[in-house]
Amino acid sequence: MYNPISYAFKKAKSEKRPALLTYTVAGDSSKKQSLEILKSISKKVDILEIGVPHNTPVADGSQIQTSSYRAIKNGIKVNDIFKIVKNFKKFDINKPVILMGYYNMIFQYGENEFLRQCKISGVNGLIVVDLPWPENKKFANKCKKKSIFFIQLLSPTTTKNRLKQIIKDSHEMIYFISMLSTTGGKLKVSSKEILHNYDKIKKINSKKNVVIGFGITEKTIKSLKKADGLVVGSAICKEITSSIKKRQNPVTNVYNVVNRLKNKIK
Amino acid sequence: MKLKKGIPVIDQCDKLGFWGGKFGGNFVPETLKKPIEDLEILFNKLKKDKKFINERDKYFKNWVGSPTRFIKLQNLTKHLGGAQIWSKVVSDANGGAHKIYNATVHCLLAKRSGKKIICGDTGAGYAGKMLSMAAKKFGLKCKIFMGAKDIQRQQPNVKAMKKNGAEVIPVYSGSQTLVDAVSECMRYWVANCDKVAMCVGSTVGPAIFVRICGWSTSQISRELKIQLVNEFGSVPKKLKLYNCVGGGSSSFGFWNEFMDYDKKQCEFIGVEAGGPAKSRKHAAPLTYGSKIGILHGAAQYVNQNTDGQIEETESISAGLDYPGISPLHCFLKDIKRARYTSASDEEALNAYKLVTKFEKLRPSLEPSHAFSVAIAESKKLSKDTIVVVNSCGDAYKDRAIIESRLGKKYV
């Protein structure tokens, strides 16, 4: 299946750098502004992850929680998120977009209808934090039929046997959680150890594009450069929060953060 | 979807942890898959291990104080003139509520797994208080997550936790009540599952926690069955078991041993928190027909909006103030083994007034919900009907609320 996500990794590889993935919450701080942020960072970023905010997240740290609550308070609905993606794709059709969220939002929308809307609006991949393997097998297959990547998550606690099975069932992109943490935790293990675990995954199947996320900031990104891709989320959500506090423009400030991140892995 | 006779309900889930094919499961981040699997293996092994069962029973008997009393509420029965009203005084248990059973078992499991720290959530503060007691007893460090709003309204239990050496971590996110405490506790476990054991305070959460809790609180009905036989010679022909339902741990434990009886003989009545009479908010997903959704790792009936955001609840009772409900109860509702209804804040307070007026029993606001429905229905029932209400908590923790709502003389 053709998917612009694969192309984004190819392009990054040809430039001898990891792909840069950013995570922002849809509707943070407003529907309009979250679209502006996506547009402004789009030229620096290889793949855009857009968070579907949920009010009982079991894997998110305080930064992403704050962004999510803010977005929900400002009235974001699932349909608005599809609109944001659609409008963004009008601006840059080739930039891959991944929606990331919790299963209840998909379950309430209806799996099939959710995927239909993903297809219409131009979503290229899905990360569902609380739908692990093997529970996700059926849904992952549905995604595949629509040429949408279902992105499996792996963690340092994933056993070797399980790693093999999940990788076998995975699509072209895999998300490796760097450490035992919620999102935005301080990197509490060395980058050496993270890369060691990363290598274990690559050894099982070197063709899969493996991105590393959780705990990645301007300070830590360079040390993990050898990965296929790196995800920065909480650091960006934090920037939005502090921009609002300082009454500065989140769009420019987030662009600056992303620009600095990109320069560090060039 | 059917109840299988002769198999404990906690073991009637499928391989993926679903009861009736759709309630429960393990909707958890990948990081928790391994620790959950480890806990499953340990629990499945130990619950068949005679030595472990003996150890549990020893602590239940000598430390928790089993059996708790089974008493007739003579004056209340006379006043109402209907069914015989009895109470299983589970608040006799060490610490003053049923939460001690689950806390004890989780600490025993943590010891076996070699973990030195245990974390838990709490709403009314009972689950936290009991976990802090058990942790102290078994030499474990203890961290309790509690909503900031609950910390304010359940001070006596907060003090008790701190006295037992537990660290009480206030949760400021969302509605600052139980739902947020459970989320924060699970997040803490995600980040520390290599060193820390988690105790979920009710029959909620990923399937293994539902099973462990149900297995632990079933002590209540094991005792009750013996007490009924001692009192009446056999399990009565017309028995009605009333229990409040928040997450559903005390009610499940109160009913478990009677599961295989015909419901015409042993009827189960679960009473949810209907919230203030004038408010549209409630904590009664079964009564009000909430849709199935995912909350804290399990599929269940849950208060939510059409998008799937979990809705805020409202109840005078912190212990029932939870938007979801145990998968076990969703299952029991759908197969019609149990009947569910609700009582409002005001109805619970009135029941508290009536019970304390006639009896030397001070049920907390949670069981007062169950008393409310039991009182209303008993009037219309025959004199040979045996109504038993689980008085699963003591009102000591509710002093401040009761004083402000009913006045000093009721405290």
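A quick yes/no check of all residues on (1) part of a helix (DSSP H, G or I); (2) touching a residue at least 24 places away in the same chain (Cβ under 8 Å); (3) in the same structural domain as residue B:367 (by TED's automatic domain parsing):
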position: B:1; (1), (2), (3): no, yes, no
position: B:4; (1), (2), (3): no, no, no
position: B:43; (1), (2), (3): yes, yes, no
position: B:48; (1), (2), (3): no, no, no
position: B:52; (1), (2), (3): yes, yes, no
position: B:104; (1), (2), (3): yes, yes, no
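Kindly evaluate residue A:100 against the criterion of being out of contact with any helix residue (DSSP H, G or I) (no Cβ under 9 Å at 6 or more places or on another chain), within 24 Å of residue A:176 (Cα to Cα) and within 14 Å of another protein chain (Cβ to nearest Cβ). Reasoning before the result, please.
Details: out of contact with any helix residue (DSSP H, G or I) (no Cβ under 9 Å at 6 or more places or on another chain): yes; within 24 Å of residue A:176 (Cα to Cα): yes; within 14 Å of another protein chain (Cβ to nearest Cβ): yes.
So residue A:100 passes the test.
Please work out which residue is surrounded by the most Cβ atoms within 10 Å (Cβ to Cβ), limiting yourself to region A:66-86 and to residues that are part of a helix (DSSP H, G or I) and basic (Lys, Arg).
The qualifying residue surrounded by the most Cβ atoms within 10 Å (Cβ to Cβ) is A:70.
I'm checking my understanding of the structure. Among residues of region A:130-148 that are charged (D, E, K, R), within 18 Å of residue A:120 (Cα to Cα) and in a helix (DSSP H, G or I), which one is nearest to the other protein chains (Cβ to nearest Cβ)?
Within region A:130-148, the match that is nearest to the other protein chains (Cβ to nearest Cβ) is A:142.
Matching residues to (1) basic (Lys, Arg); (2) within 21 Å of residue B:60 (Cα to Cα); (3) buried (at least 24 other Cβ atoms within 10 Å of the Cβ):
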{"residue": "B:131", "(1), (2), (3)": "no, yes, yes"}
{"residue": "B:167", "(1), (2), (3)": "no, no, no"}
{"residue": "B:195", "(1), (2), (3)": "yes, no, no"}
{"residue": "B:205", "(1), (2), (3)": "no, no, yes"}
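Is it true that some residue in region A:41-61 is more than 14 Å from every other protein chain (Cβ to nearest Cβ), assigned to a helix (DSSP H, G or I), at negative phi and at pLDDT 95 or above?
yes
Residues B:148, B:124, B:160: which one is over 18 Å from residue B:196 (Cα atoms), touching a Pro at 6+ places or on another chain (Cβ under 6 Å) and in contact (Cβ under 8 Å) with a residue 24 or more places away in the chain?
Exactly one of B:148, B:124, B:160 is over 18 Å from residue B:196 (Cα atoms), touching a Pro at 6+ places or on another chain (Cβ under 6 Å) and in contact (Cβ under 8 Å) with a residue 24 or more places away in the chain, namely B:148.
Inside region B:156-174, can you point out the residues that are on the phi > 0 side of the Ramachandran plot and more than 14 Å from chain A (Cβ to nearest Cβ)?
B:165 - this is the single residue of region B:156-174 that is on the phi > 0 side of the Ramachandran plot and more than 14 Å from chain A (Cβ to nearest Cβ).
Tell me, which strands (runs of 3 or more DSSP E) wholly within region B:155-272 include 1 or more residues that are closer than 26 Å to residue B:36 by Cβ and touching a strand residue (DSSP E or B) at 6+ places or on another chain (Cβ under 7 Å)? Steps first, answer last, please.
Working: elements: B:167-171, B:196-199, B:239-244.
Passing ranges, in order: B:167-171, B:196-199.
Would you pick out the residues in region B:377-411 that are out of contact with any Asp or Glu (no Cβ under 7 Å at 6 or more places or on another chain), of a type in the set (A, V, I, L, M) and surrounded by 15 or more Cβ atoms within 10 Å (Cβ to Cβ)?
B:381, B:386, B:387, B:388, B:389, B:395, B:401, B:402, B:406
Does region B:15-28 contain at least one residue that is more than 14 Å from chain A (Cβ to nearest Cβ) and of a type in the set (S, T, N, Q)? Before you say what the answer is, go through the steps one by one.
Quick first cut of region B:15-28, residues more than 14 Å from chain A (Cβ to nearest Cβ) only: B:19-20.
Next, from what is left, pick out any that are of a type in the set (S, T, N, Q): none.
Checked region B:15-28: no residue is more than 14 Å from chain A (Cβ to nearest Cβ) and of a type in the set (S, T, N, Q).
Having 2 or more residues that are at pLDDT below 95, farther than 30 Å from residue B:77 by Cβ and away from every other protein chain (no Cβ under 14 Å) is the bar; report the helices (runs of 4 or more DSSP H) wholly within region B:282-383 that clear it.
Values: elements: B:327-334, B:345-358, B:365-378.
By residue number, no helices (runs of 4 or more DSSP H) qualify.
Based on what the data block shows, is residue A:106 assigned to a loop (DSSP other than H, G, I, E, B), surrounded by 16 or more Cβ atoms within 10 Å (Cβ to Cβ) and either within 13 Å of chain B (Cβ to nearest Cβ) or modelled with pLDDT under 95 (or both)?
Criteria not met by residue A:106.
Would it be correct to say that residue B:31 is assigned by TED's automatic domain parsing to the domain that holds residue B:301, at negative phi, more than 23 Å from the chain's Cα centre (by Cα) and among the hydroxyl-bearing types (Ser, Thr, Tyr)?
For residue B:31, the condition - assigned by TED's automatic domain parsing to the domain that holds residue B:301, at negative phi, more than 23 Å from the chain's Cα centre (by Cα) and among the hydroxyl-bearing types (Ser, Thr, Tyr) - is not met.
Based on what the data block shows, is residue A:152 surrounded by fewer than 22 Cβ atoms within 10 Å (Cβ to Cβ), of a type outside the set (D, E, K, R) and within 13 Å of another protein chain (Cβ to nearest Cβ)?
Considered against the rule, which asks whether it is surrounded by fewer than 22 Cβ atoms within 10 Å (Cβ to Cβ), of a type outside the set (D, E, K, R) and within 13 Å of another protein chain (Cβ to nearest Cβ), residue A:152 comes out as no.
The values are calculated or read from the model by the stated rules, or taken from the named source; none is laboratory data. Just so we're clear, the structure is a prediction, and the values are computed from it rather than from any experiment. Glycine also receives a Cβ, built like all others from the backbone with ideal geometry; neighbour counts cover every protein chain displayed.
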